[in-house]
Amino acid sequence: MELDNIDKLVEKYFEATTTVAEEKAIKAYFANEEVAPHLEKYTPMFAHFANTRKEEYTKPLPIKAKRNKPMWLSIAAAVVLLFGVYFLQPKNESLENEYTQEEIAAAQEAFELLALNFNKGSKQITYLGEFEKNTNKFLK
Amino acid sequence: MKQVEFLTIVMPFKDKLFRLAKRLLVSTEEAEDATQEVLLKLWTKNSAFEKYNNVEAFAMTMTKNFCLDRLKSKQAGNLKLVHSNYTDDSSTSLQKQVEANDSVSWVEKIMEELPEQQKLVLQLRDVEEYDFEEIAEMLDMQPTAIRVALSRARKTVREKLLEKHSYGIG
């Protein structure tokens, strides 16, 4: 590039009246080996811009797990839950299938005996009331 | 929107987001976190993408706002952003190259000291090469104000650089 031209461009550059294309030309000029001695002082500036342009974001993008995982996870959870409910349901087989008639009869008899004796016991409890009456008499 | 589509939209400018964040926050780790945060926000509201005619500009604005908020909260908490990116990426023994590297990192320091708005404009224009209309959209500024800020920023960098230059000679 002609020296005259680049001088004018640099001047315009500091007034911020250059276009993007003109600035690219300036940067290209300063990236070159042969910079005019009186312009050499500006080289670090453009070298810095060129350097920073090389910086890259190297970390992985944070979006992968965000949406897909909960999607299949919730489906899996729903399936597991349904199976669980299905298999853990109490079996409503009747007693007749599990025990013979005699066994049931025997059990019923046993329960009746128990109930009978229990009722006897509760009749005896009425005597306790007498105790209370008498103790109250003494206390008064 | 699917992940692949999202990635094809985001990939071209993710580095620009990171660089903008780094310019403001200085620390590489902080800038990475900020970029990640912004991308995540974009992803969660990507169904609204159609509403924005320029996703890139929108993402840049988001990054700018996020970083400025971050700086504010750090200042309020009286904490300074620490960074540990002191790289020695060259094994150059030549004196001239050392000097050149030195002045380049000097420019970086000068840029760090600029007011935030000038820093943003300089970054968007001289590093990312956006035109004034795009910068106006990103920063919500008038093009004339951008021109003034840009000119000031460039002149400040020049002045400080020349100061350093003449120290070096003297």
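Numbers below:
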{"read-out": "Failed criterion for B:Ala59 (all others in (1) assigned to a helix (DSSP H, G or I); (2) free of Cβ contacts under 8 Å to residues at least 60 places away in the same chain; (3) of a type outside the set (Val, Ile, Thr); (4) open to solvent by 10 Å² or more (accessible area, probe 1.4 Å) hold)", "value": "(4)"}
{"read-out": "Residue within region B:105-122 that is at pLDDT below 90, farther than 17 Å from A:Pro44 by Cα and surrounded by fewer than 15 Cβ atoms within 10 Å (Cβ to Cβ) present", "value": "no"}
{"read-out": "Candidate set: region A:1-27, residues that are in contact (Cβ under 8 Å) with a residue 12 or more places away in the chain and aliphatic (A, V, I, L, M); chosen: the one farthest from B:Phe132 (Cα to Cα)", "value": "A:Leu3"}
{"read-out": "Meets criteria (more than 10 Å from every other protein chain (Cβ to nearest Cβ), modelled with pLDDT of 90 or more and over 47 Å from the mean Cα position of the chain (by Cα)) for A:Phe30", "value": "yes"}
{"read-out": "The lone exception for B:Glu134 - which of (1) under 18 Å from B:Lys14 (Cα atoms); (2) open to solvent by less than 30 Å² (accessible area, probe 1.4 Å); (3) touching a residue at least 24 places away in the same chain (Cβ under 8 Å) it fails", "value": "(2)"}
{"read-out": "Enumeration of residues in region A:60-78 that are outside any helix (DSSP H, G or I) and either at pLDDT 85 or above or more than 8 Å from chain B (Cβ to nearest Cβ) (or both)", "value": "A:Pro60"}
{"read-out": "Residues that are open to solvent by less than 70 Å² (accessible area, probe 1.4 Å) and either touching a Lys or Arg at 6+ places or on another chain (Cβ under 6 Å) or free of Cβ contacts under 8 Å to residues at least 12 places away in the same chain (or both), drawn from region B:66-75", "value": "B:Ser73, B:Lys74"}
{"read-out": "Boolean, B:Lys109 is under 17 Å from the mean Cα position of the chain (by Cα) and within 11 Å of chain A (Cβ to nearest Cβ)", "value": "yes"}
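The values are calculated or read from the model by the stated rules, or taken from the named source; none is laboratory data. Quantities reported herein were computed from a predicted structural model and do not represent experimental measurements. Virtual Cβ from ideal backbone geometry, glycine too; neighbours counted across all protein chains shown. Side chains are part of the model used for accessible areas, which takes the heavy atoms of the whole protein and leaves out ligands, DNA and RNA. Shrake-Rupley method; radii C 1.70, N 1.55, O 1.52, S 1.80 Å.
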